[in-house]
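To start, the structure under review is shown below, and the notes come after it.
The values are calculated or read from the model by the stated rules, or taken from the named source; none is laboratory data. All values derive from a computational prediction rather than experimental measurement. Neighbour counts run over all protein chains shown; Cβ positions are idealised from the backbone, glycine included.
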């Protein structure tokens with residue numbers, strides 16, 4: 001059925017809280033500490049409200065600073081110093097983070113721009129506390145090697161896989177708009193990445209809108225081609241570090257501590273790139289050369305949500321609203337709070 005989502009039951013169950021409200025078009029582990037978070041006179045002291053807290057961290061990647069910190073046990077060590085514990089919760093894409101936040105199952109996460117907009121439109125109480133990626137190379141619309149699709153106009157009548165409400169969902173809408181097409185002109189197949197990848201490689205779908213690390217993996221290892229990218233569409237889809245708003249209100253020192261650990265991991269990755277690449281190659285079963293290219297594309301950072309980023313995000317929200325992909329007009333600045341990342345910057349040597 002053209003223009004309608006073919007919804008996987010698992011994905012629908014996880015994301016139904018958001019998708020029914022917003023979209024108009026349609027494991028747990030702990031790491032062992034082996035290094036210490038730098039202390040000093042600015043180190044926060046344990047408080048009665050922080051002691052005994054379990055900090056639930058959502059993650060969706062087997063590479064990057066968040067994964068590095070998890071494997072090194074740095075979050076566990078840092079939070080243990082104030083009497084708090086850590087629990088890790090694994091996801092396959094960004095949209096399911098928000099039902100988890102709404103139900104108090106996670107406190108922190110990192111997601112792309114579009115899932116943030118979906119979450120805000122669904123009135124989930126979360127806060128953007130930092131930018132973790134510029135998003136200028138993060139998404140692409142892929143076609144398999146030897147595909148007969150050579151232009152965006154060729155998508156008409158074809159099957160396109162995408163994770164509903166993901167950052168790639170926004171890229172797909174922009175690609176269609178550039179080609180003068182709408183979702184009614186294609187067959188959208190809603191699949192999570194672990195389902196979309198085999199469907200794409202077996203040619204069960206004609207194209208796949210996705211993000212890193214899948215882009216580099218498909219292009220480098222399987223000869224896939226990029227039909228559209230953020231750069232070719234003159235767009236960006238920044239990534240954000242988010243926190244459950246009530247958690248931030250109750251435990252502001254833990255929010256700062258979280259961002260400090262992430263900065264530690266980011267700095268370590270930059271200073272020990274070869275070590276990090278070997279770790280990620282082992283976890284993903286990909287070659288070090290492919291991992292290196294992925295890291296260059298992902299452009300990890302830990303920075304304030306600037307006025308420029310807010311402007312880009314607002315343009316995306318307005319575009320999706322105009323396209324009928326969001327049923328609520330948003331003011332994206334309402335979920336931004338830079339006070340925590342600014343404290344991290346002030347406390348850095």
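Any residue in segment 222-239 that is within 20 Å of the chain's Cα centre (by Cα), within 20 Å of residue 111 (Cα to Cα) and modelled with pLDDT of 95 or more? There is no residue in segment 222-239 that is within 20 Å of the chain's Cα centre (by Cα), within 20 Å of residue 111 (Cα to Cα) and modelled with pLDDT of 95 or more. Report yes if residue 148 is part of a loop (DSSP other than H, G, I, E, B) and under 30 Å from residue 337 (Cβ atoms), otherwise no. Answer is no for this residue.
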